[in-house]
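The values are calculated or read from the model by the stated rules, or taken from the named source; none is laboratory data. Everything numeric in this text was worked out from a predicted model, so none of it was measured. When we count neighbours, we look across all protein chains shown, and the Cβ atoms used for this are built from the backbone with ideal geometry, even at glycine.
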Amino acid sequence: MDLIVKRRSCSRVVMSVLCLLFGVSSCSSDKENTETAVDQEPPTIPVGLKAENITQRTLFLYWNPAEDNVNVKNYSLYQNGEFLAGSGKPSYYLDDLVPGTDYTFQVLATDDAGNSSKLSEPINVHTSDPLVAELQFASGNLKDYLRDLLDIVPGISAKKYKVPTDNELNQWDSIIDAILDEDITKAVDEAVYLNYQIVEFTDIYSSPNQVYYILKEYEERLNYWGTFVFSKTPKRKDLVLAAPHVLHDQKTGYQAAFAFRRNVGKALFLSGAHRCDQEESSSCDGTTTSCSPNFAPYKISDVPHNTNSAFQVATENLFNAIPTSVFVQLHGFGKEPSDPYVIISNGTNKKPVKDYVLMLKDALLEEDNTLTFKIPHIDLNWTRYAAFDNTQGRYINGSASPCSVPATSTTGRFVHIEQERSKLRQDESGWIKISNALGKVF
């Protein structure tokens with residue numbers, strides 16, 4: 001039997017050689033010429049189509065992956081019976097929808113050979129009805145009002161923060177423009193489409209009374225981008241104060257609200273979700289141990305490390321609109337034995353012409369001479385908490401691509417303050433030191 005198999009194999013080789021020598025293209029032994037099988041089997045029909053995060057203009061669709069004998073290549077989404085878009089994954093984010101409108105969605109799967117499944121079962125979706133675009137009014141103590149908003153910020157892994165689309169960021173930029181132009185009617189009309197409202201807040205406990213425009217989300221929050229406050233008549237027109245990590249860097253949100261109110265700066269930015277709210281990584285460079293035991297990329301909800309955020313757009317807008325503006329971010333860190341109490345950086349290791357960092361250091365020492373400091377553009381070997389990968393700092397310092405390229409020079413208009421807890425950010429006894437120092441410098 002083995003001899004027969006060997007002879008057959010040898011015969012096949014000989015026949016193949018002869019075919020090649022005599023140029024015979026369709027020569028084979030015992031019908032070995034096989035044709036490539038054509039895939040004619042379509043994928044299964046996608047099931048489980050659902051819609052989530054439905055707003056006036058946006059929603060998120062997802063479904064269970066279809067199955068195929070070879071490979072599912074693409075999905076086609078249909079809106080009201082007509083093809084809308086293709087997606088390489090079993091989900092799709094829609095924006096630019098019409099508020100208060102009924103939509104029907106279906107999806108089909110296509111494989112590598114171009115075979116398509118039938119359309120899925122339809123789902124009907126009603127976008128949120130239009131919110132009333134009206135300027136809201138409130139009064140009281142600004143610090144207390146903002147504290148109530150800070151107390152409802154979702155914590156770690158809450159999965160509430162929503163990454164804005166390009167269209168939404170353009171809309172956000174237009175809202176900031178309108179506020180700075182004092183066109184509050186326009187700001188109100190445009191904010192409503194992003195589930196935000198404008199509150200004209202009068203601080204009746206300040207003397208004289210101060211009026212602020214607060215850009216805040218409606219009670220039913222959908223985006224968690226944060227709260228943004230603008231003084232109608234700022235006393236310190238160049239000061240823009242920010243707390244990007246209001247939960248992780250404990251007490252910095254309260255501290256920022258306290259210092260902003262006492263100094264009546266131009267604007268205050270407060271983040272709207274924990275920096276570790278989402279599990280997805282930011283596309284911007286840099287790593288941290290804030291959300292995991294080991295160094296890992298920043299999360300998309302970590303707004304000082306993500307250019308695709310309302311926080312970034314607001315910073316860029318004010319930086320360009322107010323040429324003398326200076327952006328002070330309040331942060332906090334866990335002090336190790338070799339660390340100082342305060343690390344103040346301009347986001348680079350370069351010395352600016354006008355050095356707000358050194359001015360703030362001197363002002364803080366006047367408040368508390370027990371404080372110790374590290375300043376990266378003075379202590380050139382110091383890189384811990386130096387903010388070199390802060391995307392707002394990179395933009396302000398002229399980076400060509402703030403998401404991935406460190407700044408090589410400095411404008412001096414960015415100040416990043418890292419504070420050990422007990423000396424400055426634990427309670428009002430420390431907050432007043434920061435507040436007084438800001439008042440002296442600005």
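Computed quantities for the displayed model
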read-out	value
Residue check, GLY86 under 29 Å from the mean Cα position of the chain (by Cα) and not in a loop (DSSP other than H, G, I, E, B)	yes
Lone qualifier among ASP2, ASP39, ASP30 - being closer than 21 Å to LEU119 by Cβ and either in the same structural domain as TYR161 (by TED's automatic domain parsing) or modelled with pLDDT under 95 (or both)	ASP39
Contacts under 6 angstrom Cβ, first residue in the range 408-432 being farther than 24 Å from HIS377 by Cα, partner modelled with pLDDT of 95 or more and of a type in the set (Phe, Trp, Tyr), 6 or more apart	TRP431/PHE258
Exclusive hit being touching a Phe, Trp or Tyr at 6+ places or on another chain (Cβ under 8 Å), at pLDDT 95 or above, surrounded by 17 or more Cβ atoms within 10 Å (Cβ to Cβ) and over 18 Å from ALA407 (Cβ atoms), set PRO340, PRO376	PRO340
Looking only at the range 36-59, and only at residues there that are in contact with a Ser or Thr (Cβ under 9 Å, 6 or more places away or on another chain) and of a type in the set (A, V, I, L, M, F, W, C), the one that is nearest to ASN74 (Cα to Cα)	ILE45
Identity of the residue in the range 75-118, in contact with a Phe, Trp or Tyr (Cβ under 8 Å, 6 or more places away or on another chain) and aliphatic (A, V, I, L, M), that ends up nearest to PRO42 (Cα to Cα)	ALA109
Answer residue from the range 212-259, given it is of a type in the set (Val, Ile, Thr) and not in a strand (DSSP E or B) and is farthest from ASP302 (Cα to Cα) among those	THR233
Criterion (crowded, with 18+ Cβ neighbours inside 10 Å, assigned to a strand (DSSP E or B), assigned by TED's automatic domain parsing to the domain that holds TYR161 and not aliphatic (A, V, I, L, M)) met by exactly one of PHE319, PHE327, PHE311	PHE327
All positions within the range 98-146 that are more than 16 Å from VAL192 (Cβ to Cβ) and among the acidic types (Asp, Glu)	ASP102, ASP111, ASP112, GLU121, ASP144
Checklist (1) in contact with a strand residue (DSSP E or B) (Cβ under 9 Å, 6 or more places away or on another chain); (2) loosely packed, with under 13 Cβ neighbours inside 10 Å applied to LEU94, failing item	(2)
Residues located in the range 212-241, provided they are small (Gly, Ala, Ser) and farther than 18 Å from ALA259 by Cβ	none
Residue within the range 65-79 that is small (Gly, Ala, Ser), over 30 Å from VAL132 (Cβ atoms) and part of a loop (DSSP other than H, G, I, E, B) present	yes
Strands (runs of 3 or more DSSP E) (entirely within the range 92-202) containing at least 3 residues that are among the hydroxyl-bearing types (Ser, Thr, Tyr)	102-111
